[in-house]
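Inspection log for the structure reproduced underneath, given as structure tokens.
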């Protein structure tokens, strides 16, 4: 396994919109394995390819306490099913180390994705999985959790990161 460098805010590469994956080969599998290894080493629960400066629609996560339930989502897409029902969660991000913020997101979604072989799947995630999916997909769209906070907090974070 290879430990990958994680981009940190305010690196402009984090704003790059990821491209759809069309080739499902050994290099994609290797990248997903390296991303999982990097995520575990950084003590995270999710990581988007954009965070390691590979701008394709690939995310990995593992929400288990024992870190033995790795999930890989290729070309993930979310459909919000109900705008009235929301879930608030104190989120952190490997690309914004040391910063945590309560963020409210829709909790009724449909997730469609492909696995590492290219097979199509869909599900209706719940709870923390719903939050993580949306957080990581935001990365693929060039959006960060800091976009959900006030401009003043964002400016303070930029100054702190510059030091």
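One table, with the values for the structure above:
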item: Tally of residues being without any contact (Cβ under 8 Å) to a residue 40 or more places away in the chain, closer than 19 Å to residue 47 by Cβ and in a loop (DSSP other than H, G, I, E, B) across region 79-116; result: 1
item: Test result for residue 125, more than 25 Å from residue 25 (Cα to Cα), in contact with a strand residue (DSSP E or B) (Cβ under 7 Å, 6 or more places away or on another chain) and part of a loop (DSSP other than H, G, I, E, B); result: yes
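Every number here is computed from the coordinates shown, using simple stated rules; none is lab data. Keep in mind that what you see is a predicted model, and the values were worked out from it rather than measured. Using ideal geometry, Cβ is built from the backbone for each residue, glycine included, and neighbour counts are taken over all protein chains shown.
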